[in-house]
Amino acid sequence: RPVTLSGIQPTGMPHLGNYIGALRNWVSLQDSAQPAQAAAAAAGTAAPPSPPSVLYMLADLHSLTVPQEPARLRASIRDLACALLACGIRPDASVLFRQSRVPQHAELGWLLFCRSPVSWVSRMHQWRAKLQLLSVPETALDGTADGRDAGLSDQDIGSIAETVAGSLNVGLLSYPILQAADILVYRATQVPVGEDQAQHLHLTSLIARSFNAHYGKQIFPVPQSLIPPTTGKRIMSLRVPTAKMSKSDPAEQSRINIDDSPDDIRSKIRRATTDSVRGVTYDPQSRPGVTNLLHIWMSLEPSGTKWESMSQEELAEQVSARFGAMSNQDFKNVVTDVVVGHLTPIRGEILRLRKDAAYVEKVLADGEAQAARLAERTMRDVRRAVGLA
Ligand code: ATP
Ligand code: MG
């Protein structure tokens, strides 16, 4: 029986990249895993009970790998739950829960830390990118050859110390192992994620296989990642189209949040970085900005065309036929209309759910009880295998 697990960090409102790369697939996996329940929901009748096999987590422990202000974190967690429900996660079909409320994640995490070579995590792209980002000010701290400092003001030194201490913590290095625990504690077999998580998912399968080999038992299945093909796998920043769209990007203009108003969406897309080439063409290498807008349009336009399965040549041909004569500005209007049409009902539902905190809290508490039951079943086998039972 397939078991699905995925997560999202409460580091801000989900954006279009989260939606296209992950959340939308969460909903379709939920609906295909529980067809009887999906039909009941569509007909407005009571859903038949079935064992939980689709789990979605608010990854609050992961979000602590970067500094979080407590009151703000609390609000982000609540808001993220509203966003997921608004996107179509249904509590009768999916288990929705906060990672920190199911302590088996942290317990299995520790056991896996103790079996994972440091080099496996220090090799991860995300960690290396972070190191690189911070290596410049660290060298500046070495000072000059004659023993004087490198001319930094007290304020510079203060802010470097703050950034380095706040950013390069042990949690940030090792969180891919906790991610493995998140998945393996439910013996999940499939993990729907965006392409930026491909390397971490591969690490999870290494950890599962080495754990099984070490203890001589098939304790964990090896999970598969489900990454959208081509068009929707990685939505890029509207400002810098060579970087992925991220919740943690300080530039608000870089992303469209799923609760943005139609006016916000229009103005963000109008100002999105493109180029001065005339006519719209599909050219990922030399026109990343235009291509990103095309990917967004293809992922959301309602005709049902199978853009995802087309080759680069087919995509280029179709795009030229359709938009070749259009100015960037007119094309941006077309993209805006599709995005606004798609996000308007979701935004409405988020605004409604924000006013119903008691309902949202109950959904999470129910989810946590179900998740803990499943996780405990796995942990009993794990503790026995390790010698802790
Ligand atoms: P943060 O910057 O705080 O890490 P994030 O935008 O990367 O936020 P996550 O919570 O880390 O979001 O990831 C949630 C899911 O969204 C993951 O499955 C991830 O692969 C996917 N995802 C994140 N960004 C994109 C993107 N730009 N395009 C497609 N999928 C994405
Ligand atoms: Mg991320």
- [ ] Kindly list the number of the only condition in (1) surrounded by fewer than 18 Cβ atoms within 10 Å (Cβ to Cβ); (2) among the hydroxyl-bearing types (Ser, Thr, Tyr); (3) outside the structural domain of Tyr19 (by TED's automatic domain parsing); (4) out of contact with any strand residue (DSSP E or B) (no Cβ under 9 Å at 6 or more places or on another chain) that fails for Thr242.
- [x] (4)
Task: Residue within region 23-45 that is at pLDDT 90 or above, among the hydrophobic types (A, V, I, L, M, F, W, C) and within 16 Å of ligand 2 (Cβ to nearest atom) present - done: yes
Open item on the list: Looking only at region 213-252, filter to residues that are polar (S, T, N, Q) and in a loop (DSSP other than H, G, I, E, B); which one of those is nearest to the chain's Cα centre (by Cα)?
Closed with: Ser246
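Check every one of the helices (runs of 4 or more DSSP H) wholly within region 27-104 and list those with 1 or more residues that are within 16 Å of ligand 1 (Cβ to nearest atom). Steps first, answer last, please.
Working: elements: 35-43, 60-63, 70-87.
Correct list: 60-63, 70-87.
Collect the residues in region 310-352 that are hydrophobic (A, V, I, L, M, F, W, C), closer than 18 Å to Asp264 by Cα and without any contact (Cβ under 8 Å) to a residue 60 or more places away in the chain, keeping them in residue-number order. Steps first, answer last, please.
Initially, region 310-352 is screened for residues hydrophobic (A, V, I, L, M, F, W, C), giving 310, 315-316, 319, 321, 323, 325-326, 331, 334-335, 338-340, 343, 346, 350-351.
From the residues that got through so far, the ones that are closer than 18 Å to Asp264 by Cα too are 331, 334-335, 338-340, 343, 346, 350-351.
Phe331, Val334, Val338, listed by residue number.
Across region 267-283, what is the total count of residues that are within 24 Å of the chain's Cα centre (by Cα) and either assigned to a helix (DSSP H, G or I) or surrounded by fewer than 16 Cβ atoms within 10 Å (Cβ to Cβ) (or both)? If you could, list the steps in order and put the result at the bottom.
Here is the first cut: in region 267-283, the residues within 24 Å of the chain's Cα centre (by Cα) are 268-269, 272-273.
Narrowing the set further to residues that are either assigned to a helix (DSSP H, G or I) or surrounded by fewer than 16 Cβ atoms within 10 Å (Cβ to Cβ) (or both) leaves 268-269.
Counting residues in region 267-283 that are within 24 Å of the chain's Cα centre (by Cα) and either assigned to a helix (DSSP H, G or I) or surrounded by fewer than 16 Cβ atoms within 10 Å (Cβ to Cβ) (or both) gives 2.
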Task: Test for Lys268: is it free of Cβ contacts under 8 Å to residues at least 60 places away in the same chain and either in contact with a Phe, Trp or Tyr (Cβ under 9 Å, 6 or more places away or on another chain) or away from ligand 2 (no atom under 16 Å from the Cβ) (or both) - done: yes
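Just to be sure before I move on: is Arg187 assigned to a loop (DSSP other than H, G, I, E, B), in contact (Cβ under 8 Å) with a residue 24 or more places away in the chain and either surrounded by fewer than 18 Cβ atoms within 10 Å (Cβ to Cβ) or within 15 Å of ligand 2 (Cβ to nearest atom) (or both) in the structure I sent?
On the way: assigned to a loop (DSSP other than H, G, I, E, B): yes; in contact (Cβ under 8 Å) with a residue 24 or more places away in the chain: yes; either surrounded by fewer than 18 Cβ atoms within 10 Å (Cβ to Cβ) or within 15 Å of ligand 2 (Cβ to nearest atom) (or both): no.
For Arg187, the condition - assigned to a loop (DSSP other than H, G, I, E, B), in contact (Cβ under 8 Å) with a residue 24 or more places away in the chain and either surrounded by fewer than 18 Cβ atoms within 10 Å (Cβ to Cβ) or within 15 Å of ligand 2 (Cβ to nearest atom) (or both) - is not met.
Could you say whether any residue in region 95-117 is within 16 Å of ligand 2 (Cβ to nearest atom) and at pLDDT below 95?
From region 95-117, those within 16 Å of ligand 2 (Cβ to nearest atom) are 99; that's our starting set.
From what's left, at pLDDT below 95: none.
No, there is no match, as no residue in region 95-117 is within 16 Å of ligand 2 (Cβ to nearest atom) and at pLDDT below 95.
The values are calculated or read from the model by the stated rules, or taken from the named source; none is laboratory data. Computed from a predicted structure; not experimentally measured. Ideal geometry is used to build each Cβ from the backbone, glycine not excepted, and the neighbour counts take in all protein chains shown.
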